[in-house]
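Just below is one structure, and these are the notes that go with it.
The values are calculated or read from the model by the stated rules, or taken from the named source; none is laboratory data. Treat the numbers as computed from the prediction; the structure is a model and nothing was measured. Quick reminder, even Gly has a Cβ in these numbers, built from the backbone with ideal geometry, and neighbours come from all protein chains shown.
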Amino acid sequence: MKPLSLGYQKIDMCPNFCMLYYLENAEMTECMTCGHSCYKSGTGKGKTLVAYKKLRYFPITSRLQRLFMSPRTAEHMTWHQSHDAVDGVMVHPSEGEAWKHFNSVHSHFSAESRNVHLGLCTDGFNPFGSFAAPYSCWPVILMIYNLPPGMCMRSEFMFLSMVILGPSNPGRNIDVCLRPLIDELTQLWSSGALTYDISRKHNFVMRAALMWTINDFPTYEMLSGWSTHGKLACSYCMENNKAFTLRNRGKASFFDCHRRFLPHNHRYRKNRKDFFMGRVEKDVAPSCLSGEELHDVVLEYGDIVFGLQSGKQKFPGFGLTHNWVKRSIFWELPYWKTNLLRHNLDVMHIEKNVFKNIFNTVMDVKGKTKDNIKASLDVGVVL
Amino acid sequence: MLFCNRKNMELVCDESRVAKPRASFVLEKNAQLLVYKWLKSLCFLDGHASNISKLVNMEECRLYGKKSHDCHVFMQTLIPLTFRDLLSKGIWDALTEISHFFRDLCSGKLNVDHIERLETNIIETLCKLEMIFPPSFFDSMEHLPIHLSFEAKLGGPVQYRWMYPFERLDITVAI
């Protein structure tokens, strides 16, 4: 792919995910945090240097430029603005509120319809099959929301942006690996890239913005910095939810957390019998913080040191007043706080888990049902 | 203080042993067999779903090797059909409502008015589930549907924001 200028960069990285040997650190041979050597022993001195771990990074700019070079794709890159939208009906993300809000806030960006709206997805999987030795490989994929519905989510138009190799899961240190991508996205937002558009036969400055990320629930923590464990797992309700820990099961339960979303005069609100024993719900639904408010909150927490120790560092009040584990690297994007929807909850996984819970409980599947002895003990437990 | 008042779930203590009575939302053994038998004979149109009858293990009364998409089909079309007449009306209603919620949410064409209706309905549905199932049933995954309709309003149809295409792509990357 190199002759097409679609090559990739190999960036050495610390095997403990502490740092990348990138830009100003490119010449270093030892990790700044853990002191681990960058290269395997026995390499160098006449032999080729072999790094312990490498990050493969596929620059996105040249790939986006490529889309404008082909007449087959160049005309479709403006579909999001040129198609006929029916009022009140959504068939594409461009008709959603988040997109419209973004365009109205950044009018200089939306003025050029060829500017690219991107989405980012990452997910861990084991390339050697689920029965092989545990190994976690994390591809980071970008997709282009400018394209019409039929092309948008096709694998041909999804660009692999980065492969983070295992064997261990990067966890919170994924920010270290995302650094080159975020740098390039910031550059694409601020100065853009001169691109030849074959459908109009002239050059223009193409800019790009990341709309949101797509991730499953455990990855949500890695990308957003809001831990999805424990009682404060929900990143919308944050510290305002009423989840509690079950004594016998030892896990957080979101029982009776939903009545507060009901209208004030709803009959369920006064029901003392069927919900939490004796509780009348008077609270209103928790209000969601806007992107800018969240940005201010996140700024108050300092940086964490990435690497082996990243999981052990806790901000004061963690698990009690907040669930922040880090300041996500996405906040460095200048427009990130104006996005209404930053990280998506994955419908696929939620649907799967809800179904499994319902089915296993109703069919009383041994070992899987939620209606077990411990559940019965929790129902009748005296606090 | 009790978490909640569930007379039908409390353990019954004899002198020698503790017994757990069958809760109202759990099917009887005969009814379970009936369901698995029905699933075994189930046929779908080509391309709609994988061959679900192959997942059924009649000896152990279990489904083995469910894929995410099988769960998707189950959730959206089979839940109301499977449990009809087997569960009591109130429970079946709640399960059907959550099934319809996911079906409407996953439609390729979303109506803005419709989403607002979904947003109000899902609250009541979850409350109904809370009245049926014990507290241990509600982990974070049962709570999140309440925010899904809000996200759909912001981001548009879920087909552009879910992970099916990427999970499929992972296989290609692995090869």
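Within the bounds of the range A:165-183, is there any residue that is within 14 Å of another protein chain (Cβ to nearest Cβ) and outside any helix (DSSP H, G or I)? Spell out the reasoning first.
The initial filter retains those residues of the range A:165-183 that are within 14 Å of another protein chain (Cβ to nearest Cβ), namely A:165-166.
Now narrow it down to the ones that are outside any helix (DSSP H, G or I): A:165-166.
For the range A:165-183, residues within 14 Å of another protein chain (Cβ to nearest Cβ) and outside any helix (DSSP H, G or I): present.
So which residues in the range A:242-263 are more than 7 Å from chain B (Cβ to nearest Cβ), out of contact with any helix residue (DSSP H, G or I) (no Cβ under 6 Å at 6 or more places or on another chain) and either assigned to a loop (DSSP other than H, G, I, E, B) or of a type in the set (Asp, Glu) (or both), if there are any at all?
Those that are more than 7 Å from chain B (Cβ to nearest Cβ), out of contact with any helix residue (DSSP H, G or I) (no Cβ under 6 Å at 6 or more places or on another chain) and either assigned to a loop (DSSP other than H, G, I, E, B) or of a type in the set (Asp, Glu) (or both): A:Lys242, A:Arg247, A:Gly250, A:Pro263.
Counting only residues that are hydrophobic (A, V, I, L, M, F, W, C) and on the phi > 0 side of the Ramachandran plot, give me the helices (runs of 4 or more DSSP H) lying completely in the range B:114-175 with at least 1 of them.
No helices (runs of 4 or more DSSP H) qualify here.
When you scan the range A:82-99, how many residues do you find that are surrounded by fewer than 15 Cβ atoms within 10 Å (Cβ to Cβ) and either modelled with pLDDT of 95 or more or not charged (D, E, K, R) (or both)? Please lay out each step first, then the result.
Pass one, the range A:82-99, residues surrounded by fewer than 15 Cβ atoms within 10 Å (Cβ to Cβ): A:82-89.
With the extra rule that they be either modelled with pLDDT of 95 or more or not charged (D, E, K, R) (or both), the set shrinks to A:82-83, A:85-86, A:88-89.
Of the residues in that region, 6 qualify.
Assuming A:Met143 fulfils every condition listed in (1) buried (at least 22 other Cβ atoms within 10 Å of the Cβ); (2) over 18 Å from A:Asp197 (Cβ atoms); (3) in contact (Cβ under 8 Å) with a residue 40 or more places away in the chain; (4) not acidic (Asp, Glu) apart from one, which condition is it?
Of (1) buried (at least 22 other Cβ atoms within 10 Å of the Cβ); (2) over 18 Å from A:Asp197 (Cβ atoms); (3) in contact (Cβ under 8 Å) with a residue 40 or more places away in the chain; (4) not acidic (Asp, Glu), only one is false for A:Met143: (3).
Output yes when any residue across the range B:96-119 is facing chain A (nearest Cβ under 7 Å), more than 18 Å from A:Val347 (Cα to Cα) and acidic (Asp, Glu), and no when none is.
yes
For residues in the range B:6-23 being small (Gly, Ala, Ser) and part of a loop (DSSP other than H, G, I, E, B), which is surrounded by the most Cβ atoms within 10 Å (Cβ to Cβ)?
B:Ala23
From the set of residues in the range A:207-236 that are within 8 Å of chain B (Cβ to nearest Cβ) and either part of a loop (DSSP other than H, G, I, E, B) or modelled with pLDDT under 90 (or both), which is farthest from A:Phe125 (Cα to Cα)?
A:Tyr236
Any residue at all in the range A:313-322 that's in a helix (DSSP H, G or I) and either within 21 Å of the chain's Cα centre (by Cα) or over 28 Å from B:Leu126 (Cα atoms) (or both)?
Going through the range A:313-322, the residues in a helix (DSSP H, G or I) turn out to be none.
Checked against the condition, which is being in a helix (DSSP H, G or I) and either within 21 Å of the chain's Cα centre (by Cα) or over 28 Å from B:Leu126 (Cα atoms) (or both), the range A:313-322 yields no hits at all.
Between a first residue in the range B:61-76 that is closer than 20 Å to A:Asp364 by Cβ and within 8 Å of chain A (Cβ to nearest Cβ) and a second residue that is of a type in the set (Gly, Ala, Ser) and in a helix (DSSP H, G or I), which pairs have beta carbons less than 8 Å apart while being 6 or more apart in sequence or on different chains?
Once the first residue is closer than 20 Å to A:Asp364 by Cβ and within 8 Å of chain A (Cβ to nearest Cβ) and sits in the range B:61-76, its partners that are of a type in the set (Gly, Ala, Ser) and in a helix (DSSP H, G or I) give B:Met75/B:Ser99.
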